[in-house]
Amino acid sequence: MRKMDIASDPRLTYVLLILVIAVPILTHAVLPVPVTDTTRAVYDFIENLPPSSLVVVSFDYSTSTVPELQPQATIVAQHLFLRPLKILFVAQWIDGPALTDAVLEAIDRGNKIYGTDYATLGYIPNTATLIGMTADIQSFFPVDTLGNPTQNLPIIKQFPATRQAALVITFVAGEPGLSAYLQYWESRLNIPVAAGSVAALAPGFMPFYNSQQIIGILISIRAAAEYEFLEHAQYSQVPIGLSGATSAMVAQSTSHMLIVLMVVVGNVAYFVRRRGKERSK
Amino acid sequence: MVDLFALIGVWTAAFLTLMVLSFLYKENPFYRLTEYVFVGLSSGYTFAATLRLFVNQALSPIFAGQLEFFVPLILGLLFYAQFTKRYSILYRVPLSLAIGYGLGITIWSVLQAYFLRQIRATMLPLFTGDILTTIGNLVIVIGTILTISYFILHREQKGVYGRFTKAGKYFVLATLGAVFGTTVLGRMALIIQRIQFLLGDAAFPWRALRIGTADEGRFVPIALLAFLIVFGFYMYRKRDVKPEKSTKT
């Protein structure tokens, strides 16, 4: 009886899980990750954007999903800063502006100048603002997150409306998120949309990828590792490990193996026990 | 070079993480304290951020002479009329405007993004030169028809029609399996990064998360050890205390 209690104690599972995660981390094991089509689509699209194109990056997540989305945002932002593009940072979630600052601090911004090559506009409080900024950024964002009047920013003078954007990429953990850009930017204005998604939402976004409403999806931390390998292959100055995703991949695989093993063992045990009961009858 | 303030920040983050994870062992006051801190911090941050937004996007333009911003400001204030008996009817003005605007703008775009474009995406050739594309297209077309048929509810699902809809149910179950699988992937990512942090791993994205640097990160295991001693001592002291009986009758 006592033996069975230990076996069914969930805390045993937690200990096993911590072990299979900690060992690869402590041994610093790194394995290359095969790149999926959905990730490559986003990378190739950004890589092929004409110089001086406007890209809008939207931080639509909060601190609770940082482990999944911050690595993606970091490595994609680094890619954008390596290319001769203009970048506007916005956020549909209130934590977004702070997370944007963290990303900008982590990456190498090269010789890009704030206000000329990039700007942080901050929080988009409602749908009206999201729609309105496609026609006139300055009216809906009188100041940026640093308090500068947006009418004085060269990037806003060059791109007074986001309808001129060549891409919007949303890092999304729920609503508001991708759907707003699909409805109001992609459907109405044909602005290409890409998504960086938490894993749980990704299956729901696949129909939009199949229908070509979004150009690609980055799925959880795995996509960040894939993107990092792609970026490192082309821009050797980007170090493997910038986003922190690559080092987590082996632990991700070992933890998944444990879960598969537990599902199989649990099912076998169930059927063995059921057969035992049937025989005893 | 270790920065003392950054080290204190790193240790605070480590203690809070461990206090949350302690719930996996047992419900305890450390966990509850973290819960309260989280609620308080979230509320405070949201309030401050919203206030800043209000100042930047509403008050500043008015003080800069853009008096037309008074109109949305007054409309917004009318929402508070619902808290008075005498003027409560006034809150219907901004509400009806919001509903009218919202519906008008949403219906068209929802139809376009979620309905027409999705239907168009299922109009696929069922025989192509590539065998894998053909199979993929067949799965999408047949899966869509069967799944939607499962949700036709005005007819009893039995006989031939029942078998048809049952196949649709299996497509729904396969989708749920995919969602569950990816949810596991996401949850594992969360715990992996926390363990990376608690082990003070140099590969942890210290800069990208603005939690000190790898130099301060090397001292995280000290916090881990300290917490385990404190938590272990607390649990040892509580080992003989029986759980309180519920006061509910």
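The values are calculated or read from the model by the stated rules, or taken from the named source; none is laboratory data. Please read all numbers here as calculations on a predicted model, not as lab measurements. Here the Cβ is made from the backbone with ideal geometry for all residues, glycine too, and neighbour counts use every protein chain on show. Accessible surface is based on the protein model in full, side chains and every heavy atom, while ligands, DNA and RNA are left aside. Shrake-Rupley method; radii C 1.70, N 1.55, O 1.52, S 1.80 Å.
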Which residues qualify? For A:Val143, with a placed amide H closer than 5 Å and at least 5 residues away or on another chain, they are A:Thr150
Compute the length gained on full extension between A:Asn148 and A:Val23: take 0.36 nm times their separation in residues and subtract their Cα-Cα distance, giving the result in nm to one decimal.
40.2 nm
Principal axes of chain B: Cα extent on each, largest first, Å
65, 60, 57
What does the net charge come to around A:Pro32 if you take all other residues with beta carbon closer than 13 Å to its beta carbon, with K and R at +1 and D and E at -1?
-1
Under the 7 Å Cα-to-Cβ spin-label approximation, A:Lys277 and B:Ser60 lie apart by a distance in nanometres of 6.6 nm
In chain A, carbon and sulfur make up what percent of the accessible area (probe 1.4 Å)?
60 percent
Hey, can you grab everything whose amide H is under 5 Å from the amide H of A:Leu218? Only 5+ residues off in sequence or another chain; H modelled, so Pro and N-termini drop out.
A:Ala195, A:Gly196, A:Ser197
For A:Ile87, enumerate residues with amide H under 5 Å from its amide H, sequence gap 5+ or separate chain, H modeled in the peptide plane.
A:Val55, A:Tyr118, A:Ala119
A:Arg11 accessible area, 1.4 Å probe, all protein chains in place, Å² to nearest 10:
80 Å²
What translational D, rounded to a whole number of µm²/s, comes out for segment B:60-159 from Stokes-Einstein when the hydrodynamic radius is the Kirkwood one over Cα pairs, at 25 °C and 0.890 mPa s?
129 µm²/s
Suppose R0 equals 22 Å; then what is the FRET efficiency for B:Leu176 and A:Asn210 from their Cβ-Cβ distance, rounded to the nearest 0.05?
0.70
Starting from the Cα coordinates of segment B:127-198, work out the convex hull volume and express it per residue in Å³.
117 Å³
Can you list the HN-Hα couplings for segment B:31-43, worked out from phi with the Karplus curve (6.51, -1.76, 1.60; θ = phi - 60°), rounded to whole Hz and with x for Gly and Pro?
5, 4, 4, 5, 4, 5, 4, 4, 4, x, 4, 4, 5
Positive end of the charge dipole of segment A:37-240 (Lys, Arg +1 and Asp, Glu -1 on Cβ, about the Cα centre): tell me which of A:Val56, A:Pro160, A:Leu82 has its Cα farthest that way.
A:Pro160
Using only atoms on other chains, find how many Cβ atoms lie within 10 Å of each Cβ of peptide A:123-133 and report the average.
3
Excluding same-chain residues fewer than 8 positions from B:Lys238, which lysines have a Cα within less than 29 Å of its Cα?
A:Lys3, B:Lys26, B:Lys248
Shielding of B:206-213 by other chains, given as the mean Cβ count within 10 Å, works out to 6
Exposure of A:His28 as accessible area (Å², to 10), given a probe of 1.4 Å and all protein chains
110 Å²
I'd like to check one number: the per residue accessible area of chain B, probe 1.4 Å, reported in Å² as a whole number.
69 Å²
How much solvent-accessible surface does B:Leu173 expose, in Å² to the nearest 10, with a 1.4 Å probe and all protein chains in place?
90 Å²
Magnitude of the charge dipole, the protein assembly as shown, Cβ model with Lys/Arg +1 and Asp/Glu -1, debye to 20:
2580 debye
Residue of A:Leu19, A:Leu80, A:Leu201 that the Gaussian network model of chain A assigns the largest fluctuation, springs spanning Cα pairs under 10 Å
A:Leu19
In whole Hz, with x marking every Gly and Pro, tabulate ³J(HN,Hα) for segment A:188-195 from phi via Karplus 6.51 cos²θ - 1.76 cosθ + 1.60, θ = phi - 60°.
7, 10, 6, 7, x, 10, 10, 10
Within segment B:127-198: Cβ-based charge dipole about Cα centre, in debye rounded to nearest 20 (Lys, Arg +1; Asp, Glu -1):
300 debye
Across 10 Å bins beginning at 0, the whole-percent shares of Cα-Cα pair distances in chain A come to 6, 26, 30, 17, 10, 6, 3, 1, 0
Buried accessible area between B and A, both sides, 1.4 Å probe, in Å² rounded to 100, is 4800 Å²
May I have the convex hull volume per residue, in Å³, for the Cα set of segment A:176-262?
128 Å³
Classify segment B:122-249 as rounded, prolate or oblate from the Cα gyration tensor: take a ≥ b ≥ c as the square roots of its eigenvalues, call it rounded if a/c is under 1.5, otherwise prolate when a/b beats b/c and oblate if not.
oblate
Multiply the residue gap between B:His154 and B:Ala48 by 0.36 nm, knock off their C-alpha separation, and tell me the result in nm, one decimal place.
33.1 nm
Averaged over its residues, how many other protein chain Cβ atoms are within 10 Å of peptide A:171-179's Cβ atoms?
1
Hull shadow area, averaged, the protein assembly as shown [alpha-carbon convex hull, nm²]
35.3 nm²
Rounded, prolate or oblate: which one fits segment A:79-141, using the alpha carbon gyration tensor with axes a ≥ b ≥ c (rounded when a/c is under 1.5, else prolate when a/b beats b/c, else oblate)?
oblate
Order the peptides A:208-219, B:133-144 from the highest to the lowest mean number of other Cβ atoms within 10 Å of their residues.
A:208-219, B:133-144
Using only the Cα atoms of segment A:17-106, what are the Rg and Dmax in Å?
15.8, 48
Once you order the gyration tensor axes a ≥ b ≥ c over the Cα atoms, which shape class does segment B:135-175 get: rounded for a/c under 1.5, otherwise prolate or oblate by comparing a/b with b/c?
prolate
